[in-house]
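Asker: Starting off with a structure, shown below.
The values are calculated or read from the model by the stated rules, or taken from the named source; none is laboratory data. The model shown is predicted, which means the values in this text are computed figures rather than measured ones. Reconstructed Cβ throughout: ideal geometry from the backbone, glycine too, with neighbour counts over all protein chains shown. Just so you know, the surface numbers come from the protein's heavy atoms only, side chains and all, with ligands and any DNA or RNA stripped out. Shrake-Rupley method; radii C 1.70, N 1.55, O 1.52, S 1.80 Å.
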Amino acid sequence: MDWTALRRRFREAPLLPPPAPWRPLAPIAIGGLTDVGFGFAGRDLLFVSSSTGRGVFDCVNGGRVARDH
C-alpha cells in the first residue's frame, strides 16, 4: 500500500460539518490514544483508551460519562 498517497488523500479531504444531531464542540485532547470505539446505550457513546486509562464520552453533548485511570 502506498502510505504517502493515503496520507495525502486524508489531508486533502474536505472538512464537512457533522450530521444532525451532532454539532462541533471544543476539542478534547487525549494523550497516548491507543483505541477508539463507538457504542449505543440509549445514546451515542465514544469509548477511548489511552496510556493513562479509559473513558466514555457522550457524542451528542461531549460530556464525560465514565473514566478510570
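Asker: Filter segment 32-53 down to the residues that are more than 13 Å from His69 (Cβ to Cβ) and assigned to a loop (DSSP other than H, G, I, E, B), then identify the one that is most open to solvent (accessible area, probe 1.4 Å).
Answerer: Arg43
Asker: Quickly run through segment 1-18 and pick out the residues that are open to solvent by less than 90 Å² (accessible area, probe 1.4 Å) and not aliphatic (A, V, I, L, M).
Answerer: Within segment 1-18, the subset open to solvent by less than 90 Å² (accessible area, probe 1.4 Å) is 4-6, 13, 18.
Thr4, Pro18, listed by residue number.
Asker: Scan (1) open to solvent by 80 Å² or more (accessible area, probe 1.4 Å); (2) without any contact (Cβ under 8 Å) to a residue 12 or more places away in the chain for the single condition Gly63 breaks and write down its number.
Answerer: Result: Gly63 passes all but (1).
Asker: Here is a further query. What are the residues in segment 22-31 that are more than 11 Å from the chain's Cα centre (by Cα) and open to solvent by 90 Å² or more (accessible area, probe 1.4 Å), if any? Working first, answer last.
Answerer: Just the residues of segment 22-31 that are more than 11 Å from the chain's Cα centre (by Cα), to begin with: 22-26, 31.
Residues satisfying the conditions are Arg23, Pro24.
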